[in-house]
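Scroll down for the structure; my scribbles are underneath it.
The values are calculated or read from the model by the stated rules, or taken from the named source; none is laboratory data. The structure presented is a predicted model; accordingly, all values stated were derived computationally and were not measured. All Cβ positions, even for glycine, are placed from backbone atoms using ideal geometry, and neighbour counts span all protein chains on display. To get the accessible areas, we keep the full protein, side chains included, count just its heavy atoms, and leave off ligands, DNA and RNA. Shrake-Rupley method; radii C 1.70, N 1.55, O 1.52, S 1.80 Å.
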Amino acid sequence: MLLRQLRETMAEPLASQARLDKIVGLIADNMRADVCSFYVLRDDGALELFATRGLDAKSVHLTTLRLGEGLVGLIAAEAEPLSLDDATSHPSFAYRPETGEEKYNAFLGVPVLRAGQTLGVLVVQNADRRHYGEEETEAMLTTATILAEMIATSDFVNLIKPGSDIDLRRPRMFNGVSFTDGIALGKVVLHDPRVVVTNFIAEDTEAEKQRLDSALASMRVSIDAMLDHGDMQPTSDHREILETYRMFANDRGWVNRLMEAIDNGLSAEAAVERVQNDTRARMLRQTDPYIRDRLHDLDDLANRLLRVLTSAGQPAHHELPDNAILVARNMGPAELLEYDRKKLRGVVLEEGGATAHVAIVVRSLGLVAVGQAQSIVSVSETGDDIIIDGTAGVVHLRPTRDVEQTYVDKVRISARRRAHFAALRSRPSVTKDGVAITMLHNSGLVADLPMLNETGAAGVGLFRTELQFMIASRLPRMQEQADLYTQAMQIVGDRPLVFRLLDIGGDKVLPYLRATAEENPAMGYRSIRLGLDRPGLLRTQIRALLLAARGRPLKILVPMVTETFEFLQTKQVIAKEIERLKRSGHPVPSTLEIGAMVEVPSLLFELDQLLPEADFVSIGSNDLVQFLTAADRANPRVSKAYDPIALPRLRAIRLVVDAANRHGKPVTMCGELAGKPIEALALMAIGMTRLSMGPASIGPIKEMILNLELKPIQDEISQALSVGANGNSVRDLLHRWIEKQNLPIG
Ligand code: PEP
Ligand code: MG
């Protein structure tokens with residue numbers, strides 16, 4: 001009844017204020033309350049009285065309370081309802097003489113929430129001592145769901161204090177971690193868009209309950225099916241999430257709350273939204289990461305349920321605005337590659353670490369990205385303006401005009417910086433004291449190879465072949481692979497190009513390749529382990545590479561070598577394929593070099609057996625550091641505790657450099673360390689002279705090299721490696737040198 005009256009009032013041709021006045025009147029009558037007041041949260045953090053029945057009408061748009069101030073401010077700040085028999089005796093009660101409020105004792109206030117965000121507060125009061133119970137609270141929360149929708153969709157500009165806006169549209173800033181340098185201005189595209197509920201009010205409560213029941217049933221069936229058939233990403237995480245979904249989907253408390261919201265007059269989908277609001281509000285305020293994750297799972301589940309109820313299906317990802325900036329809780333590299341790359345400018349994630357594979361793909365696509373932007377998904381809407389400052393790891397959502405202008409200027413300056421770096425393109429990368437450093441690209445898509453001409457890098461130190469496999473919708477055939485490698489070789493020309501054999505598994509999932517769930521995918525059935533176990537896949541790729549090279553030099557890199565025998569077996573597979581080619585009269589590569597990735601710690605203790613067999617080695621610091629420290633590279637909660645250039649890690653890397661020198665074999669760093677100025681400096685300081693990095697890092701690192709006097713830094717770091725650094729970190733030592741030599745570091 002009340003909800004229906006509200007709906008009718010919203011449809012009536014009334015001015016905004018008259019409509020609000022009527023609404024508070026209806027709520028007061030319905031709740032048999034003397035007072036009903038509606039406060040809206042402004043962008044300056046004040047709660048403004050927007051309408052009242054019962055308090056002095058003159059106080060409307062005059063009375064304000066700050067967040068946390070008074071009972072209303074408390075409800076808004078905590079996003080929790082509050083029911084009191086005697087409000088005036090509550091320690092937070094803030095008396096506002098203009099309202100005439102002192103007469104009222106019984107008090108019930110509820111937050112007006114949308115996607116967990118507080119938009120305002122709805123209050124009823126009575127002069128008599130009276131107790132507002134749970135049922136009334138529930139009814140008020142239901143009413144508040146409708147008011148939230150009204151705030152979000154109506155135009156209050158003519159009501160609110162001039163110059164202010166409602167809080168919902170407030171500019172927000174997020175401090176995250178940088179995935180890439182650079183700045184991007186664009187429009188939000190939610191990777192997992194919220195389902196928009198349009199039908200709020202139940203025509204027939206029983207029918208709505210049945211709809212909810214059958215939606216729940218079909219959702220449970222689909223979760224069970226996913227779990228039973230293993231039809232999911234083969235990561236244990238994914239399984240855990242599904243198990244949690246199953247638990248929530250069968251949770252009576254959750255289901256009861258949904259049913260109760262329908263009993264109060266909401267449609268099934270509005271009931272889900274109403275209950276989801278509580279989850280989101282708790283999520284936004286929760287600091288325990290474990291609980292927050294579970295709340296996220298519950299929120300995801302509610303989204304699934306909404307999709308079933310509104311038949312929204314899976315969101316379509318393909319129509320992007322120009323300058324699209326993806327905002328997501330998290331995303332795998334394969335999902336990212338599904339988007340139209342021409343329109344994508346950047347990515348913002350709530351999770352993710354800088355060496356997660358998605359971050360690597362982001363870099364290889366030349367996108368600007370920031371991770372760890374907490375809670376950004378709940379407060380963003382598709383179409384919002386957004387700026388990513390990748391360099392600072394900061395995101396501005398709905399930026400003010402000033403902020404926007406600052407960034408427009410910064411972009412102009414960074415264009416100038418790019419021009420400056422471009423001018424360094426043809427200068428040899430040699431330090432001031434004459435150490436030549438070979439700078440190479442990390443790459444993974446044919447589309448990023450032409451960037452070599454812009455950066456002037458010497459070649460490609462790491463071509464991650466799996467990225468092409470990840471964009472494909474099915475396993476690329478041999479000829480398709482060969483065509484692609486031919487194209488890559490043509491673009492790179494005479495410069496060196498190192499093809500790394502497929503490094504799939506872990507979080508690099510090929511959707512068309514069935515895999516079984518594993519407890520520890522990063523340490524599981526991946527990379528060359530999978531290649532040797534399924535030699536068909538490996539042979540096809542090797543054949544394609546050999547065919548593409550026809551008469552040209554070819555360099556092949558073997559990933560995730562744990563023991564020398566794996567490297568030898570791979571070499572045998574390659575040798576057999578060469579024999580086959582020769583027999584069938586095909587041209588073979590003019591020269592062939594085969595190298596091993598050093599990224600599994602065990603190999604550090606077998607370098608003298610490996611190196612005589614290898615033509616070169618390449619260090620994968622992303623995996624090496626994750627395994628050395630037993631800290632998941634994709635989980636910053638653990639990985640950020642361990643500096644990758646702390647002495648123990650540098651000693652490990654130095655083992656490889658020394659061994660390679662002993663055996664006269666080239667060693668390259670191709671992990672993310674090489675692309676960061678201080679880290680690159682640490683690597684040069686321990687004798688590395690070949691650095692492979694994302695194309696965007698070439699300019700800044702080269703500029704540092706051109707200004708660098710390396711010898712004294714090498715001496716100091718050598719000393720530190722053998723006898724320690726007197727309690728200083730390597731990073732501290734390097735910072736001092738940077739200051740002393742006035743080195744530009746990006
Ligand atoms: C590494 O592990 O450092 C590396 C270069 O390989 P990837 O990041 O592709 O695992
Ligand atoms: Mg690796």
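Note on ASN661 and VAL723: the extension gain reaches 20.1 nm, defined as 0.36 nm multiplied by sequence separation minus the Cα-Cα distance. Using R0 = 56 Å, the C-beta based FRET efficiency linking SER89 and LYS432 works out to 0.15. Projecting the Cα positions of LEU673, ALA144, MET283 onto the charge dipole of the chain (unit charges on Cβ atoms of Lys, Arg, Asp and Glu, taken about the Cα centre) puts LEU673 furthest along the positive direction. Put the Cα centre of segment 322-392 next to the Cα centre of segment 674-746 and the gap is 29 Å.
With all protein chains present, how much of the accessible area of segment 563-647 (probe radius 1.4 Å) comes from carbon and sulfur, to the nearest whole percent?
For segment 563-647, the apolar C and S fraction of the accessible surface comes to 53 percent.
Subtracting the Cα-Cα distance of MET247 and ARG477 from 0.36 nm times their residue separation leaves 78.6 nm of extension gain. On the basis of the beta-carbon distance and an R0 of 25 Å, VAL196 and ASN635 show a calculated FRET efficiency of 0.15.
Among the trypsin sites (Lys or Arg not before Pro) within segment 468-526, those in coil by DSSP and having at most 13 neighbouring Cβ atoms inside 10 Å are ARG474, ARG477, ARG514.
Taken along its principal axes, the alpha carbon cloud of the chain reaches lengths of 94, 58, 45 Å, longest axis first.
Quick check: residue separation of GLU8 and ARG285 times 0.36 nm, minus the Cα distance between them. What number comes out in nm?
Here the segment from GLU8 to ARG285 would lengthen by 96.2 nm.
Counting only lysines at least 8 places from LYS640 when in the same chain, those with an alpha carbon closer than 18 Å to its own are LYS676. Ligands, DNA and RNA left out, the accessible area of segment 447-520 computed with a 1.4 Å probe is 50% carbon and sulfur.
Can you list the lysines whose alpha carbon is less than 19 Å from that of LYS576, not counting same-chain residues fewer than 8 positions off? Answer for LYS576, where 19 Å is the Cα cut-off: LYS555, listed by chain and number.
Apolar share of the accessible surface for segment 2-169: 50 percent from carbon plus sulfur atoms, 1.4 Å probe.
For a paramagnetic label modelled at 7 Å from the Cα of ARG425 toward its Cβ, which residues of segment 697-725 fall within the zone defined by backbone nitrogen distances under 19 Å? It comes to 697-704, 706, nothing else.
The lysines whose alpha-carbon is closer than 21 Å to the alpha-carbon of LYS103, local same-chain residues fewer than 8 away aside, are LYS58.
Here r is the Cβ-Cβ distance between ASP165 and LYS187 and R0 is 22 Å; the resulting FRET efficiency, rounded to 0.05, is 0.70. Remark: for residue pairs LYS571/LYS665; LYS508/LYS571; LYS432/LYS740; LYS161/LYS187, the C-alpha separation exceeds 21 Å in LYS508/LYS571; LYS161/LYS187. Each Cα pair under 8 Å and six or more residues apart adds its separation to the average, and for the chain the resulting relative contact order is 10 percent. When the trypsin sites (Lys or Arg not before Pro) in segment 329-425 are filtered for DSSP coil states and for at most 10 other beta-carbon atoms within 10 Å of their beta-carbon, the remaining sites are LYS342. Close amide H contacts of ALA369 (hydrogens built in the peptide plane, cut-off under 5 Å, sequence separation of 5 or more or a different chain): PHE179, THR180, VAL347. By the combined test of axial Cα extent (at least 30 Å) and Kyte-Doolittle hydropathy (mean at least -1.0), the qualifying DSSP H helices of the chain come to 205-229, 289-310, 401-424.
Taken per residue, the accessible surface of the chain reaches 42 Å², heavy atoms only and a 1.4 Å probe.
The HN-Hα couplings worked out from phi for segment 347-352 by the Karplus form 6.51 cos²θ - 1.76 cosθ + 1.60 (θ = phi - 60°) are 9, 10, 10, 7, 10, x Hz, whole numbers, x standing for Gly and Pro.
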